[in-house]
């Protein structure tokens, strides 16, 4: 998982020491690299409590050669794939900072629905926010 902060017309990567302000637009970028074709895959991206998704409607999407169902819930955004072909894919969704404080951004996990031994996860990061 990579979080990107929009500052003016420039994007910058959010690190552990980045201070975010309430109202900042943060794009969550998820990069999937698959060495072989996979079917029936679930990706769960746990969000920090300060990230409020811009698009809260669950919907089927097709982007960059990958089709999936995206479902936004309170604590996580879920992606469901019928098929992932061998290759690298980038998924993105926008969030806004809605609270101030020190937060723990959860991990992102990906796993096969029918063969859960095929899975992987990211590490979490700290998110620091403040008033305007």
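Can you list the residues of the stretch 75-108 with backbone N under 20 Å from a point 7 Å past the Cα of residue 34, pointing along Cα to Cβ? Only 77-93, 108 fall inside the zone, counting backbone N under 20 Å.
Here Kirkwood radius over Cα pairs in Å was computed from the coordinates, and among (i) 15.0; (ii) 15.4; (iii) 16.4 the match is (ii).
With both labels modelled 7 Å from their Cα along Cα-to-Cβ, the residue 25 to residue 78 distance reads 2.9 nm.
Laboratory data are not the source of any read-out in this text; all were calculated from the coordinates shown. Worth saying up front: this structure is predicted, and the values here are computed from it rather than measured. Positions of Cβ are generated from backbone atoms using ideal geometry, with glycine treated the same way; all protein chains shown enter the neighbour counts.
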